[in-house]
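The values are calculated or read from the model by the stated rules, or taken from the named source; none is laboratory data. Everything quoted here is computed from the prediction, not taken from an experiment. Each accessible area value is taken on the protein alone, full model and side chains, heavy atoms only, with ligands, DNA and RNA left out. Shrake-Rupley method; radii C 1.70, N 1.55, O 1.52, S 1.80 Å.
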Amino acid sequence: MSLPTPRPSERGVTTAEYAVATAAAAGFAGLLFKLLTGGFGDKLIKTLFDHVLKLLGLG
């Protein structure tokens, strides 16, 4: 009868996954901020707002 072999530790895997997800989220937030604070963002928000007003029958 043989003893089970110990599995390698995976303690740091979860932390690394959280770090990668956090870095990706921060990058996406930075990109979104840059888009929405420029001229493109102003036009996009205005168009979206006008579309919602038309759907509600107010515009």
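So what is the 222 nm mean residue ellipticity for the chain from helices alone, if each DSSP H run of at least 4 adds -39500 (n - 2.57) and you divide by all residues, rounding to the nearest 500 deg cm²/dmol?
Numbers: 2 runs with 45 residues, N = 59.
Per the formula, -26500 deg cm²/dmol.
Please report, as a whole percent, how much of the solvent-accessible surface of the chain comes from carbon and sulfur atoms (probe radius 1.4 Å).
Answer for the chain is 71 percent, counting heavy atoms of protein chains only.
Just to confirm, what accessible area per residue do you get for the chain at 1.4 Å probe, in whole Å²?
About 97 Å² of surface per residue is accessible.
Using only the alpha-carbon atoms, how far is helix 11-37 inclined from the longest principal axis of the chain? Give it as 0 to 90 degrees, nearest 10.
It works out to around 10 degrees.
Heavy atoms only, probe 1.4 angstrom, no DNA, RNA or ligands counted: give me 53, 35, 58 ranked by accessible area, highest first.
Numbers: 53 45, 35 75, 58 125 Å².
Reading off the accessible areas and sorting them downward yields 58, 35, 53.
Rounding to the nearest 10 and keeping the result within 0 to 90°, find how far the Cα-based axis of helix 39-56 lies from the longest principal axis of the chain.
70
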